Amino acid sequence: MLNIVLTRIDDRLIHGQVVTAWAKVTKGNRIIVVDDGVANDEFMSKIITMAAPASFKIGIHTIEQAANILKSDDTGERVIVLVKTPVTVKALMDKGVKIKNLDLGGMGATKGRKQLYRNISISEDEKKCFESLMDKNVNVFVQIVPDDSPKDIKNFFK
């Protein structure tokens, strides 16, 4: 399996925080964006790819494609996996991808979501999905930027 150094939920996917702070801390050199909608939208794929530094290998994939790629033999790369919701992480795991740690970095407010912490809002279904991931021994934490201390998501569910 590829060496995943960060799995992060951030509905902005690739942006300044990810490509500067997180890439530096993780020493990542490959970003895999996993989102069926973006992967099937040529325009959005180009925009997101342009947001990343040229030094990174960038891939934007559907869940199915990403699962196959992530399960392939380790290439020595340090992979950052970016998704928009916990549902995508659960789908990757259901397809055999091993994820031990999950950083919840940003999920914006939309209809049906309630604020969890700062710029993070989740729905009841997303909460259940997070609980399901934790039941599978995934360490789910909130850490918006690397300088923040990680906060166990369970603390926000009380």
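The values are calculated or read from the model by the stated rules, or taken from the named source; none is laboratory data. Predicted model, so just to flag it, every value in this text is computed and none were measured. Backbone-built Cβ (ideal geometry, glycine too); neighbour counts: all protein chains shown. Calculation scope for accessible area: heavy atoms of the full protein, side chains included, ligands and nucleic acids excluded. Shrake-Rupley method; radii C 1.70, N 1.55, O 1.52, S 1.80 Å.
Any residue that is acidic (Asp, Glu) and in contact with a helix residue (DSSP H, G or I) (Cβ under 8 Å, 6 or more places away or on another chain) - is there at least one of those in the range 5-27? Steps first, please.
Step one: filter the range 5-27 for residues acidic (Asp, Glu), giving 10-11.
Now drop any that are not in contact with a helix residue (DSSP H, G or I) (Cβ under 8 Å, 6 or more places away or on another chain), which leaves 10.
Scanning the range 5-27 turns up at least one residue that is acidic (Asp, Glu) and in contact with a helix residue (DSSP H, G or I) (Cβ under 8 Å, 6 or more places away or on another chain).
Being without any contact (Cβ under 8 Å) to a residue 24 or more places away in the chain, open to solvent by less than 70 Å² (accessible area, probe 1.4 Å) and over 16 Å from Thr7 (Cα atoms) narrows it down to one of Ser72, Ser123, Ser132, so name that one.
From the options Ser72, Ser123, Ser132, the qualifying one is Ser123.
I'm trying to understand the selection: among the residues of the range 2-22, which are part of a loop (DSSP other than H, G, I, E, B) and under 13 Å from the mean Cα position of the chain (by Cα)?
Passing the criteria: Asp11, Arg12, Leu13, Ile14, His15.
Just for strands (runs of 3 or more DSSP E) wholly inside the range 23-125: which have at least 1 residues that are over 12 Å from the mean Cα position of the chain (by Cα) and within 30 Å of Phe157 (Cα to Cα)?
Fully inside the range 23-125 and qualifying: 114-117, 120-122.
Is it fair to say Val138 is more than 20 Å from Leu13 (Cα to Cα) and buried (at least 16 other Cβ atoms within 10 Å of the Cβ)? Step through it out loud before you land on a result.
On the way: more than 20 Å from Leu13 (Cα to Cα): yes; buried (at least 16 other Cβ atoms within 10 Å of the Cβ): yes.
Yes.
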